[in-house]
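In what follows, a structure is listed as structure tokens, so that the remarks can point back to it.
The values are calculated or read from the model by the stated rules, or taken from the named source; none is laboratory data. Fair warning: this is a prediction, and the values are worked out from it, not measured in the lab. Every residue, glycine as well, gets a Cβ built from its backbone with ideal geometry; the counts of neighbours run over all protein chains shown.
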């Protein structure tokens with residue numbers, strides 16, 4: 001169990017890491033057609049969850065934040081087509097954080113990729129995370145080897 005001081009250190013470390021993380025990687029040229037297909041599906045009312053950082057990078061951040069805020073209301077319903085995919089992603093992401101039993105594979109995959117990206121650029125934060133929550137997947141750099149190889153090969157991450 002962490003002391004209050006350790007918990008504060010952990011939180012400050014994570015916030016500091018978020019403030020310094022570079023932009024998400026852009027989609028490789030061969031993957032842009034896949035991303036365009038997600039937009040086409042959204043236009044037809046078919047919801048495709050965000051799974052990669054290059055897909056997340058395309059979303060309007062203000063819309064994502066607005067969707068997250070709506071999800072804070074326990075009476076909110078899943079947004080429909082009148083909202084953007086970014087808004088829906090924000091709502092969906094926050095809803096799953098608030099209701100852990102509803103988390104699905106897509107949410108967990110993006111969460112893992114997000115923390116890989118943050119921690120690969122913040123070694124000090126990774127050290128603190130590993131010290132505070134050593135059994136966590138995000139605290140184990142070896143867990144990220146596949147993502148590192150994919151990034152090196154120019155694959156979508």
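Of all residues in the range 1-35, those satisfying the criterion of being at pLDDT 70 or above, loosely packed, with under 10 Cβ neighbours inside 10 Å and more than 17 Å from the chain's Cα centre (by Cα) are 5, 29, 33. The condition (being within 24 Å of residue 33 (Cα to Cα), assigned to a helix (DSSP H, G or I) and in contact with a helix residue (DSSP H, G or I) (Cβ under 7 Å, 6 or more places away or on another chain)) is satisfied by just one residue among 129, 157, 64, 50: 64.
Taking the condition out of contact with any helix residue (DSSP H, G or I) (no Cβ under 6 Å at 6 or more places or on another chain) and under 23 Å from residue 55 (Cα atoms), does residue 86 pass?
Considered against the rule, which asks whether it is out of contact with any helix residue (DSSP H, G or I) (no Cβ under 6 Å at 6 or more places or on another chain) and under 23 Å from residue 55 (Cα atoms), residue 86 comes out as no.
Quick check on the range 36-47: of everything there that is assigned to a loop (DSSP other than H, G, I, E, B) and free of Cβ contacts under 8 Å to residues at least 24 places away in the same chain, which residue is surrounded by the fewest Cβ atoms within 10 Å (Cβ to Cβ)? Checked the range 36-47; the qualifying residue surrounded by the fewest Cβ atoms within 10 Å (Cβ to Cβ) is 44. Scanning the range 112-126 for residues that are in a helix (DSSP H, G or I) and crowded, with 20+ Cβ neighbours inside 10 Å yields 113, 115, 116, 117, 119, 125, 126.
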